[in-house]
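Only one structure is covered here, and it is reproduced in the block below.
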Amino acid sequence: MIPAADLDQLLLSFCTERWQKVARIIGKTYQVLETRSDMVTGIADHVDSRMAILVSSGQLEAEGDIARWRTARFACRARAKRRRSN
């Protein structure tokens, strides 16, 4: 299983300050995991828990129920803050 810090970094690397569908970010993350051979049983649960932690820690901003990947959206809070301060 991919370490939590590595998965967090990967998820955040696909986030921008603009709202994006969670499914898009997950899809890109899964593509990388597949090329690294890190796709294992239970990865979806691991991704779900890491996304929830990133939202609760304030690193990601969420709109909607993040467990519903097709309808929820994310924005990277840190990048949005940097953009507003410039």
Taking segment 32-59 and keeping only residues that are more than 16 Å from the chain's Cα centre (by Cα) and of a type in the set (Gly, Ala, Ser), one is left with Ser37, Gly42
Of Ala75, Ala44, Ala80, the only residue that is among the small types (Gly, Ala, Ser), modelled with pLDDT under 90 and either part of a loop (DSSP other than H, G, I, E, B) or closer than 15 Å to Ile2 by Cα (or both) is Ala44
Here the residues within segment 1-36 that are touching a Leu at 6+ places or on another chain (Cβ under 9 Å), part of a loop (DSSP other than H, G, I, E, B) and of a type in the set (Val, Ile, Thr) are Ile2
Residue pairs within 8 Å by beta carbon, gap of at least six or interchain, first lying in segment 47-64 and on the phi > 0 side of the Ramachandran plot and in a helix (DSSP H, G or I), second surrounded by fewer than 16 Cβ atoms within 10 Å (Cβ to Cβ) and modelled with pLDDT of 90 or more, listed first then second, are none
Within segment 27-46, the residues that are in contact (Cβ under 8 Å) with a residue 12 or more places away in the chain and polar (S, T, N, Q) are Thr29
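The values are calculated or read from the model by the stated rules, or taken from the named source; none is laboratory data. This one's a predicted model, so the numbers in the text were calculated from it and none came from an experiment. Because the Cβ atoms are built from the backbone with ideal geometry, glycine has one as well, and the counts that use them run over all protein chains shown.
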